[in-house]
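Peer 1: Quick one: the structure is below, and I'll ask about it shortly.
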Amino acid sequence: TLVGPGGVGKTRLAREFGRSLLGKGNASVWHCDLKNVGSEQGVSQKLCEVTGLRIAPGPDDELAQRVGDSLAGIGSILLILDNVEHLVAQVNRCLNAWLSRAPKVWIIITSRQGLKRPEETIVRINPLSEDDAVDLFIRRSQELSGHSSTINPQSGNLRKLVNALDRLPLAIELAAGRTSVLSPTQMLER
């Protein structure tokens, strides 16, 4: 489980890892974004939608078990379950059913908190260091403007800005996109 604040890069890291596995062996990789899901049945339904799993008809309260049976027929698979923080109990119940039936399924969870499962390994994703945050701001600013940036990496206001953005990559990238109309000092003032 990749754990960290929103905007720190958990999803990007999980997807890049999944992408690195494609073409290596027989593993399938599926990304399942759960941010708009609100129930245990919704978790299983979303997974079926993303993977194209065909599930035998049956009672709703046994949907997770039927999904687990279908997953077992696929073989090696990596599921990336993204944005799980609001569904910890529901995802845990699904995982109980899925993993007991499909032992070749590997799962990466992204969440602001762990699931507290005995087999879970927590990997904390922290905000960038101040220097890395400044470098990211400058790189993104240059990429978006199409020319070399005149932003001073030693600027105290730039450092204050990235710290005000909690050194979160998503916030920094969004702010860097505004450098064509606002300087870091103007952003900091706002």
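Peer 1: Here are some residues: Ile74, Ile138. Which one is assigned to a helix (DSSP H, G or I), β-branched (Val, Ile, Thr) and modelled with pLDDT under 95?
Peer 2: Unique residue meeting the criteria: Ile138.
Peer 1: Which of the following residues is out of contact with any Ser or Thr (no Cβ under 8 Å at 6 or more places or on another chain), under 30 Å from Ala171 (Cα atoms) and part of a strand (DSSP E or B): Val29, Val37?
Peer 2: So the residue among Val29, Val37 that is out of contact with any Ser or Thr (no Cβ under 8 Å at 6 or more places or on another chain), under 30 Å from Ala171 (Cα atoms) and part of a strand (DSSP E or B) is Val29.
Peer 1: Now a separate question. Checking Ser149 against (1) of a type outside the set (A, V, I, L, M); (2) open to solvent by 60 Å² or more (accessible area, probe 1.4 Å); (3) at pLDDT below 90; (4) in a loop (DSSP other than H, G, I, E, B), only one condition comes out false. Which one?
Peer 2: Ser149 satisfies every listed condition except (2).
Peer 1: Sticking with this one: Looking only at residues in the stretch 50-71 that are among the small types (Gly, Ala, Ser) and modelled with pLDDT under 85, which one is farthest from Ala14 (Cα to Cα)?
Peer 2: Gly58
Peer 1: Same structure, new question: Please work out which one of (1) in contact with a helix residue (DSSP H, G or I) (Cβ under 7 Å, 6 or more places away or on another chain); (2) surrounded by 15 or more Cβ atoms within 10 Å (Cβ to Cβ); (3) under 30 Å from Arg190 (Cα atoms); (4) at pLDDT below 95 is the condition Val105 fails and give its number.
Peer 2: Among (1) in contact with a helix residue (DSSP H, G or I) (Cβ under 7 Å, 6 or more places away or on another chain); (2) surrounded by 15 or more Cβ atoms within 10 Å (Cβ to Cβ); (3) under 30 Å from Arg190 (Cα atoms); (4) at pLDDT below 95, the lone unmet condition for Val105 is (3).
Peer 1: If you don't mind, another one. For the stretch 108-132, give me each residue that is among the basic types (Lys, Arg), more than 14 Å from the chain's Cα centre (by Cα) and open to solvent by 90 Å² or more (accessible area, probe 1.4 Å).
Peer 2: Result: Lys116, single match.
Peer 1: Sticking with this one: Name the residue that is farthest from Gly6 (Cα to Cα), counting only residues in the stretch 85-102 that are of a type outside the set (Gly, Ala, Ser) and buried (at least 19 other Cβ atoms within 10 Å of the Cβ).
Peer 2: Out of the qualifying residues, it is Trp98.
Peer 1: A further question follows. Just one of the numbered conditions (1) closer than 21 Å to Gly52 by Cβ; (2) out of contact with any strand residue (DSSP E or B) (no Cβ under 8 Å at 6 or more places or on another chain) is not true of Lys104; which one?
Peer 2: (2)
Peer 1: Only one of Val67, Val8 is touching a residue at least 12 places away in the same chain (Cβ under 8 Å), open to solvent by less than 70 Å² (accessible area, probe 1.4 Å) and not in a loop (DSSP other than H, G, I, E, B). Can you tell me which?
Peer 2: Matching residue, one of Val67, Val8: Val67.
Peer 1: Is it the case that Leu144 is modelled with pLDDT under 90 and over 19 Å from the mean Cα position of the chain (by Cα)?
Peer 2: yes
Peer 1: Residues in the stretch 41-54: is at least one open to solvent by less than 20 Å² (accessible area, probe 1.4 Å), part of a helix (DSSP H, G or I) and closer than 30 Å to Ala164 by Cα?
Peer 2: So far as the stretch 41-54 goes, no, none of its residues is open to solvent by less than 20 Å² (accessible area, probe 1.4 Å), part of a helix (DSSP H, G or I) and closer than 30 Å to Ala164 by Cα.
The values are calculated or read from the model by the stated rules, or taken from the named source; none is laboratory data. Not measured: the values here are computed from a predicted model. Glycine also receives a Cβ, built like all others from the backbone with ideal geometry; neighbour counts cover every protein chain displayed. Side chains are part of the model used for accessible areas, which takes the heavy atoms of the whole protein and leaves out ligands, DNA and RNA. Shrake-Rupley method; radii C 1.70, N 1.55, O 1.52, S 1.80 Å.
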